[in-house]
Amino acid sequence: MLARTIALFLVLAGGAAAQELRIGMKAAIDGSDPHQSYSPNRNVQLHVYEPLVFQDAYQRPIPGLAESWRLIDATTWEFRLREGVTFHNGTPLHASDVIFSIQRAREARGIRTYSQNVRAITTMEAPDARTVILRTGGPAPMLPSLLASVGIVSAAAVGEAASEADWNGGRAAIGTGPFRWVRYTPGADVVIERAERHWAPLEPWRRVTYRFIPNDSARVAALLADDVDVIDAVPPALQPRVREDARTRLVVATTSFNFYIFLDVYRDVAPFVTTTDGQPLNRNPYRDVRVRRALSHAINRQALATRAMEGGAEPAGQVTPPNFIGHDPDLGLPAYDPGLARRLLAEAGYPGGFGLTLQCTADRFAGDARTCQAIGQMFTAVGLRTIVETLPTSVFFRRAGTGYAQNEPEFSASMSIFASTSGLASESMNTILRTPNATLGHGASNRGRNADPVLDGLLERIESELDDTQRAALTRAATRRVMEELPVIPVFWVRSAWGVRSNIRLAPRGDAYTMATSIRTATVP
């Protein structure tokens, strides 16, 4: 579906009769600083602050502000900037702006940053205005993919201490992108306007407004009432309304967002785990791989994808979906086998099961709470006394913690979606499964505090392997290690659905972003 829609997009007109594009967005952005990491924020900011490297629909690296890049030696990358690129204030893009931006991203502080994406860089040089030399502490073959997350900003405009107000339409809000930042109203909307000077052909949209409409029914109603032109995150239950209305179209594609069960595999005694009569259990069952495998075999992934998610998901048996970097086509789905799950629990010393609480988001995407309840029933069916607690996303992530000691996770079994902004399977594993190390940027979202020397070693080799074929083989080995040990349990990849007015065409992206640059008015029926 994704490839067919992209092919259709290529025949669309570059111009548009309507100069204003109105997008209804489920998730509200929570900041305008481009070096703080959060998917909804980045979705909007990429229009304004462009990275050196862009990504195609499957998040594979393609030229961006850098027209080319090459390895000079094993630890030295050269990036050549496009000629004639200027910032919105008219000043030319200079290699020193790139260095400033990478340094700022590296020094960013907060729960969500891109610092881990530039962790390998040790020194940077600008031998001339259009050349950036990046040196790394060791071979860093995936650096171009990782730099796709770092928006380039004007060093002169940002200065040393730009505030949130400076980014929100103030002095710092100067990029090279096809749109300029106009206004961000927290909880309401973001407005961007076309930059009348850009290195690529000008966008047809003079003005783009992202309205935050968290309620699914209200978002669909806004589309049907022609209050907006495009909406994201159409839940399966409401998709027929969009598909069957002559005034609208539905676009669906599988994304790289994987819905996982995160398990506590590090504490001797896990919170929310009890005996069958509700008393605290004096050992952590999740540290036994047989228990983790039992949980995996208890899950009917196909039923969840087709029923609980109403077709809004694709069953997952690994980290990355087909067509994305790191997918292993030879790795099948774990079998749904309740009998095997019970036998594994008995082998692990839990013939009568145990009690657990499964915490999940209730509003991250359509179907998350419903899926969590269904999984709870599947666990109960194999003898586990399961309680399901669904939480608002803001509460969930505050309690879920990170991989680092100062943010201790409260949960022992939780469910959430994750996708690496780079689109690399190895970077997903670096973030959610590698032994936590704040200095190196490893394990930032490793909520189960997994610490597997074998996996760590494979990821370290992947980071330094310059041969593409060997690196791909190592990535497959790392993926297989995850599926053997199951420190997290992949359940499904979320399928994103967009509703568009009948005169609109949208080319879907695997990162589920809704980009004005991928939306055009139609010239074909």
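The values are calculated or read from the model by the stated rules, or taken from the named source; none is laboratory data. Just so you know, these numbers come straight off a predicted model, no measurement behind them. No Cβ is skipped: glycine too gets one built from the backbone with ideal geometry, and neighbour counts run over all protein chains shown.
A compact table of results
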| item | result |
| --- | --- |
| The stretch 203-219: number of residues that are among the hydroxyl-bearing types (Ser, Thr, Tyr) and either surrounded by fewer than 16 Cβ atoms within 10 Å (Cβ to Cβ) or free of Cβ contacts under 8 Å to residues at least 40 places away in the same chain (or both) | 1 |
| Test: residue 270 is touching a residue at least 60 places away in the same chain (Cβ under 8 Å), surrounded by 18 or more Cβ atoms within 10 Å (Cβ to Cβ) and of a type outside the set (Lys, Arg) | yes |
| Flag for residue 187 being in the same structural domain as residue 423 (by TED's automatic domain parsing), touching a residue at least 12 places away in the same chain (Cβ under 8 Å), more than 26 Å from residue 314 (Cβ to Cβ) and small (Gly, Ala, Ser) | no |
| Conditions (1) β-branched (Val, Ile, Thr); (2) over 18 Å from residue 513 (Cα atoms); (3) crowded, with 17+ Cβ neighbours inside 10 Å; (4) in contact (Cβ under 8 Å) with a residue 40 or more places away in the chain: number failed by residue 44 | (2) |
| Filter result for the condition that a residue is of a type outside the set (A, V, I, L, M) and either closer than 13 Å to residue 99 by Cβ or not assigned by TED's automatic domain parsing to the domain that holds residue 83 (or both), over 123, 136 | 123 |
| Number of positions in the stretch 350-379 that are touching a residue at least 60 places away in the same chain (Cβ under 8 Å), more than 16 Å from residue 300 (Cβ to Cβ) and more than 24 Å from the chain's Cα centre (by Cα) | 7 |
| Any chance residue 262 is more than 16 Å from residue 489 (Cβ to Cβ), assigned by TED's automatic domain parsing to the domain that holds residue 396 and in contact with a helix residue (DSSP H, G or I) (Cβ under 8 Å, 6 or more places away or on another chain) | no |
| Residue 71, sole failed condition from (1) touching a Leu at 6+ places or on another chain (Cβ under 8 Å); (2) crowded, with 17+ Cβ neighbours inside 10 Å; (3) under 17 Å from residue 123 (Cα atoms) | (2) |
| Residue ID - farthest from residue 32 (Cα to Cα), chosen from residues in the stretch 157-179 that are at pLDDT 95 or above and small (Gly, Ala, Ser) | 177 |
| Selection status of residue 69, over 30 Å from residue 397 (Cα atoms) and in contact with an Asp or Glu (Cβ under 7 Å, 6 or more places away or on another chain) | yes |
| The stretch 183-202, subset at pLDDT below 95 and surrounded by 15 or more Cβ atoms within 10 Å (Cβ to Cβ), residue nearest to the chain's Cα centre (by Cα) | 184 |
| Test result for residue 208, under 30 Å from residue 84 (Cα atoms) and in contact with a Phe, Trp or Tyr (Cβ under 9 Å, 6 or more places away or on another chain) | yes |
| Members of the stretch 220-267 that are in contact (Cβ under 8 Å) with a residue 12 or more places away in the chain, in a helix (DSSP H, G or I) and closer than 19 Å to residue 504 by Cβ | 220, 222, 223, 224, 238, 239, 241, 242 |
| Residue in the stretch 10-27 that is modelled with pLDDT of 95 or more, under 19 Å from residue 505 (Cβ atoms) and among the charged types (D, E, K, R) present | yes |
| Test: residue in the stretch 274-288 that is of a type in the set (Ser, Thr, Tyr), out of contact with any Cys (no Cβ under 9 Å at 6 or more places or on another chain) and modelled with pLDDT under 95 | yes |
| Single residue of the stretch 278-302 satisfying the filter (touching a residue at least 60 places away in the same chain (Cβ under 8 Å) and either surrounded by fewer than 16 Cβ atoms within 10 Å (Cβ to Cβ) or outside the structural domain of residue 321 (by TED's automatic domain parsing) (or both)) that is farthest from residue 384 (Cα to Cα) | 289 |
| Every residue from the stretch 303-312 that is among the small types (Gly, Ala, Ser), surrounded by fewer than 18 Cβ atoms within 10 Å (Cβ to Cβ) and assigned to a helix (DSSP H, G or I) | 303 |
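Conditions tested, residue by residue: (1) among the aliphatic types (A, V, I, L, M); (2) in contact (Cβ under 8 Å) with a residue 40 or more places away in the chain; (3) buried (at least 23 other Cβ atoms within 10 Å of the Cβ); (4) under 26 Å from residue 367 (Cα atoms).
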position	(1), (2), (3), (4)
423	no, yes, yes, yes
433	yes, yes, yes, yes
438	yes, no, no, no
451	yes, yes, no, no
454	yes, no, no, no
460	no, no, no, no
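Yes/no per residue for (1) buried (at least 22 other Cβ atoms within 10 Å of the Cβ); (2) aromatic (Phe, Trp, Tyr); (3) farther than 15 Å from residue 155 by Cα:
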position	(1), (2), (3)
52	yes, no, yes
55	yes, no, yes
62	no, no, yes
76	no, no, yes
81	yes, no, yes
93	yes, no, no
107	no, no, no
115	no, no, yes
